[in-house]
């Protein structure tokens, strides 16, 4: 993972995250009202999002969720960013992406601003 103070690497990472067609979550809750898996980190409560089902399954196993209880929730972009950010109202403070492989963290309050900045500043 890029060092937190390596701005160019962090920008590249988050550009790639926001360019994905969808974000994948470990589903909790009911089939009718699924919620994304969240856990307490050093920075407070966090939602965990993933780029692939394989990474989500690996993380679920690492969190001790039995494979037979693991369900995936796929949310298309750009809706996924706003959906995750809405959990700030429930006290969630951040999102962790592709843990444990990458484990990049962003405060939920920054997600909307990150999406707008990336859109307004295309690479190039």
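Can you give me the number of residues within segment 83-124 that are part of a helix (DSSP H, G or I) and in contact with a helix residue (DSSP H, G or I) (Cβ under 7 Å, 6 or more places away or on another chain)?
First pass over segment 83-124, keeping only residues part of a helix (DSSP H, G or I): 83-90, 108-120.
Narrowing the set further to residues that are in contact with a helix residue (DSSP H, G or I) (Cβ under 7 Å, 6 or more places away or on another chain) leaves 84-85, 87-88, 108-109, 111-112, 114-115, 118.
Qualifying residue count for the region: 11.
Kindly provide the set of residues from segment 80-108 that are out of contact with any strand residue (DSSP E or B) (no Cβ under 9 Å at 6 or more places or on another chain) and farther than 23 Å from residue 64 by Cα, ordered by number.
Of everything in segment 80-108, those that are out of contact with any strand residue (DSSP E or B) (no Cβ under 9 Å at 6 or more places or on another chain) and farther than 23 Å from residue 64 by Cα turn out to be 82, 86, 89.
What's the total number of residues in segment 56-78 that are touching a strand residue (DSSP E or B) at 6+ places or on another chain (Cβ under 6 Å), part of a helix (DSSP H, G or I) and farther than 18 Å from residue 104 by Cβ?
Counting residues in segment 56-78 that are touching a strand residue (DSSP E or B) at 6+ places or on another chain (Cβ under 6 Å), part of a helix (DSSP H, G or I) and farther than 18 Å from residue 104 by Cβ gives 1.
When the residues of segment 41-55 are narrowed to those that are surrounded by fewer than 21 Cβ atoms within 10 Å (Cβ to Cβ), closer than 14 Å to residue 103 by Cα and in contact with a strand residue (DSSP E or B) (Cβ under 9 Å, 6 or more places away or on another chain), which ends up modelled with the lowest pLDDT? Even if it seems obvious, please write down each step before you answer.
At the first step, the residues of segment 41-55 found to be surrounded by fewer than 21 Cβ atoms within 10 Å (Cβ to Cβ) are 41-45, 51-55.
In the following step, the residues that additionally are closer than 14 Å to residue 103 by Cα were identified as 41-43, 51-52, 55.
Then keep just the ones that are in contact with a strand residue (DSSP E or B) (Cβ under 9 Å, 6 or more places away or on another chain); that gives 41, 43, 51-52, 55.
Numbers: 41: 93, 43: 88, 51: 97, 52: 97, 55: 96.
The selected residue is 43.
Quick check on segment 79-124: of everything there that is surrounded by fewer than 17 Cβ atoms within 10 Å (Cβ to Cβ) and at positive phi, which residue is modelled with the lowest pLDDT?
Within segment 79-124, the match that is modelled with the lowest pLDDT is 124.
The values are calculated or read from the model by the stated rules, or taken from the named source; none is laboratory data. Model, not experiment: these values are computed from the prediction. All Cβ positions, even for glycine, are placed from backbone atoms using ideal geometry, and neighbour counts span all protein chains on display.
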